[in-house]
Each structure stands twice: as structure tokens, then as C-alpha cells.
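Notes for the one structure printed next.
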Amino acid sequence: MRAGFASWVPALGWPGKLLPVLLFLGWTGLAIAQSQDRIEWPVTGTEVDVALVLAVDISYSMDLEELALQREGYIAALTSPVVLEAIRKGMIGRIGVTYIEWAGLATRNVIVDWKIIDSEASARAVAAEIAAAPVRRARRTSITGAIDFSMDRLQEAPLRPLRRVIDISGDGPNNEGGLVSRSRDRAVANGVVINGLPIQIKRNTSSNFDIEGLDDYYADCVIGGPGSFLVTIEDKDQFRDAIRTKILREVAQSSMSDAGPARPGRADCTVGERQWRQYWERN
């Protein structure tokens, strides 16, 4: 309570009545905010081991070769014999998958709507849909938007999953759409696990929006939930193996996170927003 406020409350002669009212209003506001964050998940639909959102970065900072390798990596992973075997060995023996591409807040493309994968044939059908979509790029990087849209997709899924997972790739920090940690925390509070694929390839040319330690940023600001993890790509040759490793772990459900606990000061969760503001101030 500020000194100015404290100085005039006693003068009113009714602080004993005012304080409970203020406390009630404060707790009521907090309760309303928390209730707005709670999600009612569907209670009908096909049972699956995991509802998996593949949220793929297509921002302009990714070159066309990287976009192609990224997409090929997801196609290869979903049809990989080792991934299909892991799906079959699940408690239910099938998963639900949706594949979306994102950049700024205005770019949220559903490439593959919710599909069941329970066999090689169904996996190849999903892979064929991904392969048939045109390769696009778009401006800005809204990891916040990607997480929020992924949560919408999970809420709309005609599934009853044992687990809900968002698998998010990206080559830079969030620079649009509000605090990424806020969206991450909302997802985790609703039982969703977020895993990351930070892409920190050394390029011949640098961008105004590159940061050092993108893996630390993803660990501290993006991923979260029980068993959450990240797989880092540092070379173009690593796309296929890294994506297969990540999807395999998501299907098989790793029991513990390997990202380590968040360490205050290791990563600035607002660095992308500051970069964008400084860029426009200079230009």
C-alpha cells in the first residue's frame, strides 16, 4: 500500500471496513483472471495416446532451403518405422496430429487438420498432405501467437487424448503478440506440454533479430510442462534426425525434462520485442 494511500485511509475513519473490501476486490480480480485462463477440454471424440500440434516456423528469417528441409524432416519423421512402432506400442496405439505453419500474428496456416495416425497408411496420408502444400514465408515471429493458436486447435480437436503436446520450431525470439512466457504458462496450467526445436544455424549473413543462446531462450521462455524438452538444430544436415528424435520422444512420452530448470537472468524473455522496437526506432 502506498504511503499516500495509507495517509488518507485513517482519516476516513473506516479502514476496518475498507481494507476487507479492497482485499475482496483484489482476490476477485485474480480469480476472474484465473478462470478466464482455464480451458474446458472436450469430453467426447476418438481416444488417442497424444494430441500433437506440430507448429512450424515459416518466418522470413528462414531461407527456402531451410523451410524445405524442415518440412522434409517432419514428413520423414511421421513415416519413420521407429516412430510408427512407438505409436503402435502406446496404451491406445494411435495418436492425433495437426500440422500448422506460423510466423507473425496474421499467419496461422492449418496445413493438415486433425488426423489419426495408427498405421503406415495413415501416416503416409498425413505426410502426403504436408508435401502437397505450397511452401510459404511471412513476416514477424509470434511464438505467442503460435502457442495460443495451438491451444485453440487442441480445444477444437475431436479427440480424447491421454496427453496434449505442442511441438514448436523457430529460429528467433518472439517479437509480436505479447509475452511468450504468459502464453506458455497458460498452456502448462491447462495440462499441455510444450517442446521446442530451436534452429540456431550459423549463416553467412546475420539478421537484426538473431540472438545468441536461442536454446536458452527456448528453455526459459517457451517450453514447459512435465517431461518438456528441446532438441537444437545447429546445422542444416541435422533437420531430419532432430525432428525424428523429437517426435519419437513425444510419442513415447519422456518422463523427465532435460532442459534444466529456468535460471533467472540466463535468458531475457522480452529480447525479441526489444529488438523489434529498436529496429523501428532506427529506421
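Values in this text are rule-based calculations from the coordinates and carry no lab data. Given the structure is predicted, the values throughout are model-derived calculations rather than measurements. We place every Cβ from the backbone using ideal geometry, glycine too, and count neighbours over all the protein chains shown.
With a ≥ b ≥ c the root eigenvalues of the C-alpha gyration tensor of segment 49-89, is it rounded (a/c under 1.5), prolate (a/b larger than b/c) or oblate? Judged from the Cα gyration tensor, segment 49-89 comes out oblate (a/c at least 1.5, b/c at or above a/b). Note that segment 66-82 has calculated 3J(HN,Hα) couplings of 5, 4, 5, 5, 4, 5, 4, x, 5, 4, 5, 5, 5, 9, 5, x, 6 Hz, one per residue in order, obtained from phi through the Karplus relation 6.51 cos²θ - 1.76 cosθ + 1.60 (θ = phi - 60°); glycine and proline are x. The overall shape of segment 51-207, judged from the alpha-carbon gyration tensor, is oblate: a/c is not under 1.5, and a/b is no greater than b/c. With 29 Å as the limit on Cα-Cα distance, the pairs of Lys115/Lys202; Lys89/Lys202; Lys115/Lys246 that go past it are Lys115/Lys202; Lys89/Lys202. Sorting Phe149, Phe229 by the number of Cβ atoms found within 10 Å of their own Cβ, with the fewest placed first, yields Phe229, Phe149.
Multiplying the sequence separation of Arg38 and Arg182 by 0.36 nm and subtracting their Cα-Cα distance, what value in nm do you get?
50.5 nm
By the count of other C-beta atoms within 10 Å, a proxy for reagent exposure, Glu40, Glu66, Glu85, Glu101 are ordered fewest to most as Glu40, Glu85, Glu66, Glu101. The ranking of Thr44, Thr107 from fewest to most other beta carbons within 10 Å of each one's beta carbon is Thr44, Thr107.
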